[in-house]
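Everything below concerns the one structure shown next.
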Amino acid sequence: MNRRRLFQTAAGLFAAGITPRGMAQGTDPAAISQALNDFAALSPGQSAAFVSIASTGAGITHHAGSDGPLFVGSAVKTFILAQYLRDVETGRLSEDTQMAVGPEVWSPGSPVLLQLQGTTSAKNVLEAMIAHSDNTATDIALNAVGADRTRQLIASAGLANTRIPDSTRKLFSYLAGAPNGTDIGWEGMEKMSQGIMPGKPRPAINEYQTMMSTAAEMARWYDQALAGAFFQKPETRLEFKRISAMADAMPMMVPEDIVGYGKGGSIDWEDFHCLCGAGQMAQPGQRTSFCFILNWTGPDESVADTMAAFIRRSRHALALIAGRQ
């Protein structure tokens, strides 16, 4: 068991069927279905892949693996970004607001803001949350918009199986054995990194503090959000796209020179591991919303090879759809 790995990766990355809605041009359904099956075979029963391909006058969806909710990690940060931008639209918040950074909000898995003290603009916070999956930035943004208000957005999108924690620090605190809703603070986080837990560790998949969704729901979210369904102003949708294009998981999955909008997620907690990548691949005349999720149980030594296989197989599937194979 390597609990310290949680801090290093929780912020980071990250039976088949075909449901016809017409046929997108330039796609081979059998090859795509096989590619998704190959991905799902990485962890039978604990993996899922879903793609929704829409082109002019036609579209098709493919899926493989589990239909149920799985752990998706930081992929849920897309909902926090959307809610913050919605609040900018209404004047409740601003991207120019200076947000406080310090031990009161530091969270493990923060490659940008950890150990920094002072203030920075909300725009920098949102970019750090998506581009680098910074957990301190995530908690700053989530505290500003409110976890319950973000859950209301998720519900309005029809995502019944999608769940977010109250904050990343409350998630880590709960996983480490603290009571639900407790934030053990930065001092407690530092103790966790040394293996000192406030209680008996809990599984990442639980009823209270978790990051879960289905592959279909995550893909459907990007279908809706990138079409502007949750924004009142065109410029808000463009800002959502701009920041979503910064996610470091997208170049790993989307073929070179094709724009990808999305977010990755991952965790290594006890012997449980997760990798996820969700978003949309944009080409002239065609949009492909996708989600690939991989949960598995095994030693930490399994992570490197599994991550390589995750990237290779998800990228292959998207390359087929893009006509790059």
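The values are calculated or read from the model by the stated rules, or taken from the named source; none is laboratory data. Keep in mind the model is a prediction, meaning the values are calculated, not measured. FYI the Cβ positions are ideal-geometry reconstructions off the backbone, even for glycines, and counts take in every protein chain you see.
Key figures for this structure:
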{"read-out": "Residue within the stretch 173-194 that is assigned to a helix (DSSP H, G or I), more than 22 Å from M99 (Cβ to Cβ), modelled with pLDDT under 95 and among the small types (G, A, S) present", "value": "yes"}
{"read-out": "Test result for S289, of a type outside the set (A, V, I, L, M, F, W, C) and within 13 Å of the chain's Cα centre (by Cα)", "value": "no"}
{"read-out": "Residues (among the hydrophobic types (A, V, I, L, M, F, W, C) and in a helix (DSSP H, G or I)) located in the stretch 238-252", "value": "L238, F240, I243, M250, M252"}
{"read-out": "Test: residue in the stretch 293-303 that is out of contact with any strand residue (DSSP E or B) (no Cβ under 9 Å at 6 or more places or on another chain) and not in a strand (DSSP E or B)", "value": "yes"}
{"read-out": "Odd one out for T90, checked against (1) closer than 21 Å to E239 by Cβ; (2) in contact with a helix residue (DSSP H, G or I) (Cβ under 8 Å, 6 or more places away or on another chain); (3) among the β-branched types (V, I, T)", "value": "(2)"}
{"read-out": "Complete set of residues in the stretch 204-237 that are within 19 Å of V76 (Cβ to Cβ), of a type outside the set (F, W, Y) and in a loop (DSSP other than H, G, I, E, B)", "value": "A204, I205, N206, E207, Q209, T210, M211, T214, L226, A229"}
{"read-out": "Residues located in the stretch 283-305, provided they are β-branched (V, I, T) and either touching a Leu at 6+ places or on another chain (Cβ under 7 Å) or surrounded by 24 or more Cβ atoms within 10 Å (Cβ to Cβ) (or both)", "value": "T288, I293"}
{"read-out": "Residues of the stretch 239-282 classified as basic (K, R) and surrounded by fewer than 23 Cβ atoms within 10 Å (Cβ to Cβ), total", "value": "2"}
{"read-out": "Search result, residues across the stretch 224-238 that are surrounded by 18 or more Cβ atoms within 10 Å (Cβ to Cβ) and among the charged types (D, E, K, R)", "value": "R237"}
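To keep it simple, each residue is scored yes or no on (1) of a type in the set (A, V, I, L, M); (2) within 26 Å of P111 (Cβ to Cβ).
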{"position": "A225", "(1), (2)": "yes, yes"}
{"position": "F231", "(1), (2)": "no, no"}
{"position": "M250", "(1), (2)": "yes, yes"}
{"position": "D268", "(1), (2)": "no, yes"}
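Condition check ((1) surrounded by fewer than 17 Cβ atoms within 10 Å (Cβ to Cβ); (2) under 25 Å from G68 (Cβ atoms); (3) β-branched (V, I, T)) across all residues:
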position: A155; (1), (2), (3): yes, yes, no
position: R163; (1), (2), (3): no, yes, no
position: S167; (1), (2), (3): no, no, no
position: L171; (1), (2), (3): no, yes, no
position: Y174; (1), (2), (3): no, yes, no
position: A178; (1), (2), (3): no, no, no
position: G181; (1), (2), (3): yes, no, no
position: G185; (1), (2), (3): yes, no, no
position: K191; (1), (2), (3): yes, no, no
